[in-house]
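Report on the following structure.
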Amino acid sequence: MSVAFTREEDLEATAADLADRPISPHPNLVTPEGLALIEAELAAARAAYTAAQVKGSIESDRTAMARATRDLRYWSARRASAQLQEPTLDDGGVRFGGSVSIEREDGRTQTWRIVGEDEADPAKGSVSHVSPLARALLGKRVGDEAVVAGQSVEITAVG
């Protein structure tokens, strides 16, 4: 069949069949900032859903409605499963919500904050508590060594 005979609505219906955003099987630990981020995203998803409904009939913009519905389901599930981890007494060990500085074998020093999955942003210095880096460092203390990406690193600071 020629493309000329496909209906525009069929293309939009295909675009509207968005797969759900995957939800992690790990505990949804969040810092206070992470909980605020989830709540902001949930509010934005609700606003997008309302806007998609108000724009007109669902058939006229199925993609926007599908995207808003998908995001609303995701952020609602993340909010429902969020386990707020208040800052704990600093016992000197690397912990969730805290920061850790490491020195790599090549002399590079890096500092990371260990946070929840939804708030992790490696480009801004935060990694998820379920990342291999965080798993290798949690519980360690200044002077301890860990193996990260197959290389030895030393913990130089914990905050």
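A compact table of results
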{"quantity": "Qualifying residue in the range 101-113 (condition: under 15 Å from the mean Cα position of the chain (by Cα) and on the phi < 0 side of the Ramachandran plot)", "calculated": "yes"}
{"quantity": "Per-region count, the range 52-65, residues modelled with pLDDT under 80, open to solvent by less than 50 Å² (accessible area, probe 1.4 Å) and either of a type in the set (Val, Ile, Thr) or in a helix (DSSP H, G or I) (or both)", "calculated": "1"}
{"quantity": "Extreme residue, farthest from the chain's Cα centre (by Cα), among residues of the range 71-90 that are touching a residue at least 40 places away in the same chain (Cβ under 8 Å) and assigned to a helix (DSSP H, G or I)", "calculated": "73"}
{"quantity": "Residue, surrounded by the fewest Cβ atoms within 10 Å (Cβ to Cβ), within the range 94-104, restricted to residues that are in contact with a Gly (Cβ under 7 Å, 6 or more places away or on another chain) and not in a strand (DSSP E or B)", "calculated": "98"}
{"quantity": "All strands (runs of 3 or more DSSP E) inside the range 105-159 with 2 or more residues being open to solvent by 40 Å² or more (accessible area, probe 1.4 Å)", "calculated": "109-115, 145-148, 151-158"}
{"quantity": "Sole exception among (1) in a helix (DSSP H, G or I); (2) aliphatic (A, V, I, L, M); (3) in contact (Cβ under 8 Å) with a residue 12 or more places away in the chain; (4) under 19 Å from residue 31 (Cα atoms) for residue 68, by number", "calculated": "(4)"}
{"quantity": "Within the range 99-113, tally of residues that are out of contact with any Lys or Arg (no Cβ under 7 Å at 6 or more places or on another chain) and closer than 13 Å to residue 138 by Cβ", "calculated": "4"}
{"quantity": "Residue in the range 84-93 that is over 22 Å from residue 136 (Cβ atoms), at pLDDT 95 or above and in contact with a helix residue (DSSP H, G or I) (Cβ under 7 Å, 6 or more places away or on another chain) present", "calculated": "yes"}
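The values are calculated or read from the model by the stated rules, or taken from the named source; none is laboratory data. As the structure is a prediction and not an experimental result, all values here were calculated from the model. Glycine gets a Cβ as well: all are built from the backbone with ideal geometry, and neighbour counts include every protein chain shown. For accessibility, only protein heavy atoms count, side chains too; no ligands or nucleic acids. Shrake-Rupley method; radii C 1.70, N 1.55, O 1.52, S 1.80 Å.
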